[in-house]
Each structure stands twice: as structure tokens, then as C-alpha cells.
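Here the structure is laid out as C-alpha cells; the discussion comes afterwards.
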Amino acid sequence: MRAQFVLSEIGIGLRRNLTMTIAVVVTVAISLALFGSGLLIRAQVEAMKDFWYDKVEVSVYLCGESSQAATCGGAAVTQQQRDEIQADLEAMPEVDTVFYESQEEAYAQFREQFEDSPDLVENVTAEALPESFRVKLQDPTQFAIVASAFAQRPGVEEVQDQKALLEGFFNVLNKLQLIALIIAGVQVVAAVLLISNTIRVAAFSRRRETGIMRLVGASNLYIQLPFLLEGVLAGLVGAGFAAGALVAVKAVLVDGQLRPNFPVIAFVGWSDVLAILPWLFLTGMLLAGLSSFVTLRRHLRV
Amino acid sequence: MIRLENVTKSYPTSTRPALDDVTVEIDKGEFVFLVGSSGSGKSTFLRLLLKEEVPTGGHVHVAGKDLHKLSSWKVPALRRSIGCVFQDFRLLPNKTVFQNVAFALEVIGKPRSVVDKVVPEVLELVGLDGKGKRMPDELSGGEQQRVAVARAFVNRPMILLADEPTGNLDPSTSVGIMKLLDRINRTGTTVVMATHDAAIVDSMRRRVVELSDGRVVRDQSRGVYGYGA
């Protein structure tokens, strides 16, 4: 095998087919960029889960004087009920820690949280805010056990899972991921068809050469390799652009815009991005290589 | 060297077989003319020897190999032992004479040193020394066919197949090509040439195999193009 010969054949092929090659590179780049974005969104969800699930709590709100819930019976929680609830919470094996927040403490936190809107603070009194137990679970997914045990108890107004609030946000991200992957999938189909067509045109425009190669006894590998490598090269260049786009998204959008504006949220790190990049190149190479290979088997038979 | 045993070849698009129960044996070093009108099966005959087609029935043996049993990855090796020349030359227009001949060696992986040594030798053999840097369209038809012969012969094949090599050439140029093929034949290479050219067949007085409607109707050593010609 003479590398120089194969390389010069690839060069000739790519130049002769420049417009098609560019189309392949662009399609592969878009497809892989979306694929990479899908993976990046998933990494983002994971990063946020790791960050938030340690912090989320289950809030067991206790009845106040004006509570409407059936379990309250129109009266505030009694001292006995409160003590029993606390004891039972602490006895549960799923529960890590229990922290009591009185109406005054809730009010103080409320005032702090809304110090920018004094009107709102003025209209709310400590009595209007419910006292609660803030429960931290061993495993944040086991909310249902706590909820079923306490939701119907006298003196409990409501059991609220902070995780449910996050789930809503994660759902949005997961849908975004799904959309990115679907578009990536459609683009992959387009890329496969384009690559197959490009190889076919290339094989046709070089049918003289390949015909002579077959006649003088060149092996299949020798005849097909330049075409195959042409496809793989275009796929890799496309993957390179996709990788560049992903790095740009991380550097400009995530680090440049989102992180300074949302300092409390955890974002994907460079290690997440670097973990995705090899997959882009591998996918690009396999995508182009396989579609070239299948096309060649159909159009360049010995 | 070449043996066809009861070979039949039918194409799915045609009701009449292209070759019908053909049995021919060609020895090493022979020079054989394959004659017959268009559609008589000459080209199919040659394509079978290259395993570009597989017979519908019968067996084809080339260079000691039963082509029926030859696996597809060994077909290139078979073709390296066979040179081919065509009526339309089939040169690469964007390569020089030297590069055209060298191409046949490069694509079977021969190193540069061999190419640089062998190509000038074969160009001299076909009478084209000094024209290695010319492009094919700067050459006459006869010279182009010499390039094609050089390319077919550069790998020193055991068999040379020629499909109407003089079909595009005037009679005097044709004689030159025939002298060249004769010289190649004298090196021990088996030559099989399909042709319509009665004058050439008659003047060469070599073995003639005549095909008609896919059947061998005549096999004559030192024959002529047609009876009464």
C-alpha cells in the first residue's frame, strides 16, 4: 500500500467534489453540534441534580388559625400534635434531619427574601405564615413515603416537596434535550444520504480510473480506500466544527452569560464538555465511514 | 493456459444465450484470433476470462485456476496475470503517457523504484521512448494504443487480451500494433484477440476461433478470417 498514492487520490477527490464535500461537512457539523448539545443538556441536568438534591427539603406545614385544610379542623395545631409529629418524623429511617421553623422565623426569612418589596412585607404578619418542619431526607427521591405518612395527619396542613419544583425545571431541560436529539437524528439521516450521494458522484466521476484499477488487478481495498477516507475525513472535519461550536457555547453562553447572572446554580464544567468531544468525533467518523462503506459496496463492486 | 469447458452464458435480459456450450482450449504462448460478427459472443468470451462475468454453466480455467472456485478476493490476483487492451484505448486523459503506464503499477502497490525502472523499459518496447511526458490527446491513435499496450504489458502478464485493438486505427497503423502484439507473443505471452479485421487475420495466419450466435463454428490453426475470403 502506497500512502502517497492514496493520499493524492483523496486530495483529488475532495477538490473535484468541493461543493458536495462542503455540504457534507456542514450537515455533519450541525447534526453533531445538536447531538453534543443534547449530551450537554443532560450533563447540565445531572450537575443541577447533584447540586440541588443535597439541598432540597420536604416541608411539613402545620395548621394555623386560618387554615382551610380538612386535616386542620379549623383550628391551629396543638402543642401535643406538634410534638408527636416531630417525634414521628425523627423516628423515620428515611429522615436525615428535622428542623423546626416557627412562624416568627418564617416571617423573618420572608422579610429578608422580599426586602425589595416593602409593600408586600407590610401586608403580611407573622400569623399569616405557617410554622413548619423542614425535613432533610437520606434519599431525596423518597418523598412519597413522608408525604403518605403525614399528609392526612391532624394538625398538618400540607406536605410539600421542594424537589417537585425542581422536577418541573428538569422536565423543561429534558424536553429541550429530546428536541435537540430529534433534530440531530433528522440531520443524521440527511448527512447519511448526502454522504452516500457524494460518494456515488465521486465514484461516477472517477469511473475511468476505477475501471482501469479493476482491470489491472488493484485490490478492493486500494480502489475503495480513497473514497472511504474521503468520507471519513469530511465527517471528522464536520465533527471538528461541531466540537468548536460546543466549546464556544460553554465558553460564551454558559461561562460568559449564565454563570455570572445565576451564581447560585451549578453549571456544566469543562470536564463534562471534554467528555462529550470524543463521542462527537467517533460518531462523525462512524457515520461517514459506514455510509461510505455501504455506498461503495453497492457502486464499486469488483 | 485458458480452457473453457461447455461454457454457457445467458443474460437475464436476453432469451438467446451469449455463449452456448463453448469448449475451447488455448495453450501457453499461443496467438488466437477470436472472430465473428457483432453480438456473436466475443466480448462475453473475454469478460469471462477476467471473471467480470460468471458463466451460467460450464467451467472456465485461466492460468491453472478454476474461476468458478476462485473467491472474489483472489480476483485481483487473477487480473494481474492478464493484460487488457481495448478498441477505445481507455487512457486517463489527465495523466501523461508515463503516468498512465505507471498507474497500473501504482494501484497494485508497486514501489516507486520499480515503477521508475520498468515503465521506461516497456515504453521503449512499444516504440514510445522519449514520449513519456506527452499527454494522451497529443498522440495519434496508433500511439495511444501503444500506450494502452504498454500499460497492459508493464506487469508482464501471462495472458494479453485484446478486444478489437485495431478497430479505431487505419490499416497501416494497425499493422504496427499487430507487429507489437506479435513481438509480445514471442516473449511467451498468450495473446487472445477479438477482431473484425479480415486483412489482419489473413496476413497473420494464426489460430482462428470463429463464434456465431454464441457457438464455436470454426477452430482452425493458421486460419483466415472467413471461408473463401
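Taking chain A as a Gaussian network of alpha-carbon nodes connected by springs under 10 Å, the highest mean-square fluctuation of the residues A:G73, A:G235, A:G185 belongs to A:G73. Taking 0.36 nm per residue of separation and subtracting the current Cα-Cα distance, fully stretching the chain between A:Y100 and A:R16 would add 22.7 nm. Projected label points at B:V217 and B:V54, each 7 Å from Cα along the beta carbon direction, are separated by 3.2 nanometres. Considering only B:L139, B:L123, B:L19, the mean-square fluctuation computed in a Gaussian network model of chain B, springs between alpha carbons under 10 angstrom, is largest for B:L139. Using a Gaussian network for chain A with springs between C-alpha atoms less than 10 Å apart, which of these wobbles most: A:I276, A:I85, A:I199? In this elastic network of chain A, the residue with the biggest mean-square fluctuation among A:I276, A:I85, A:I199 is A:I85.
Bridgeable lysines around A:K250 (alpha carbons under 21 Å apart, same-chain partners fewer than 8 residues away excluded): A:K49, A:K175. Axis angle, to the nearest 10 degrees, between helix B:112-125 and the longest C-alpha principal axis of chain B: 70 degrees. Taking label points 7 Å from Cα along the Cα-to-Cβ direction, A:Q68 and B:S140 give a separation of 10.9 nm. Could you state, as a whole-number percent, how many of the C-alpha pairs of chain A are farther apart than 32 Å? Percentage above 32 Å: 53.
Evaluated over chain B, the count of Lys pairs having alpha-carbon atoms less than 16 Å apart is 12 (only pairs 8 or more residues apart or interchain). Extent along the principal axes, Cα only, for chain B: 47, 44, 33 Å, with the longest axis given first.
Please return the longest range in chain A lying between exposed loop sites, taking trypsin sites (Lys or Arg not before Pro), DSSP loop only, at most 13 other beta-carbon atoms within 10 Å, and leaving the sites out. So the longest stretch without any such site is A:56-300. Of the beta bridges in the protein assembly as shown, as assigned by DSSP with both residues counted there, near 65 percent are antiparallel. Computed from the C-beta positions of A:A144 and A:L193, the FRET efficiency with R₀ = 45 Å rounds to 0.40. Approximating the spin labels as points 7 Å out from Cα along Cα→Cβ, the B:S203-to-B:R112 distance works out to 4.4 nm.
Cα extents for the range A:179-302 along the principal axes, largest to smallest and rounded to whole angstrom: 69, 23, 17. With N counted as the residues of the protein assembly as shown, its alpha-carbon radius of gyration over 2.2 N^0.38 Å works out to 1.71. Helical runs (DSSP H, four residues minimum) scored at -39500 (n - 2.57) apiece and divided by the length of chain B put the mean residue ellipticity at 222 nm at -9500 deg cm²/dmol. The DSSP beta bridges internal to chain B are antiparallel in roughly 45% of cases.
A short reminder: the numbers here are calculations on the coordinates, not readings from a lab. Every value quoted in this text rests on a predicted model; they were computed, and no experiment measured them. Please note: Cβ atoms are built from the backbone with ideal geometry, for glycine as well, and neighbour counts cover all protein chains shown.
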